[in-house]
Amino acid sequence: MQCPIDGTQLVITDRNGVEIDYCPQCRGVWLDRGELDKIIERSTAYSPPKPGYDDRADHGYRKKKKRGGFLEDLFDF
């Protein structure tokens, strides 16, 4: 399949059981019918951080890591 934006051949990859078509040139992402529903379903099943962890306890000595999520893991080409 061709990228609708720039005509490059799309690459198909499997991420957590969801088949994703993406363009390596413009980095556009295209989903087939039902794939967005699968992503949403899996993102609600994603476990939150452990309760009781206080990220403020480092008193500013360590740089805080940006909090990622299911979608960040899914779209890290």
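The values are calculated or read from the model by the stated rules, or taken from the named source; none is laboratory data. Predicted, not measured: the structure shown is a model, and the values here were computed from it. Glycine gets a Cβ as well: all are built from the backbone with ideal geometry, and neighbour counts include every protein chain shown. Just so you know, the surface numbers come from the protein's heavy atoms only, side chains and all, with ligands and any DNA or RNA stripped out. Shrake-Rupley method; radii C 1.70, N 1.55, O 1.52, S 1.80 Å.
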Failed condition for residue 11, given (1) in contact with a Phe, Trp or Tyr (Cβ under 7 Å, 6 or more places away or on another chain); (2) at pLDDT 85 or above; (3) open to solvent by 100 Å² or more (accessible area, probe 1.4 Å), with all others met? (3)
Do the conditions hold for residue 72, that is, is it modelled with pLDDT of 90 or more and within 17 Å of the chain's Cα centre (by Cα)? no
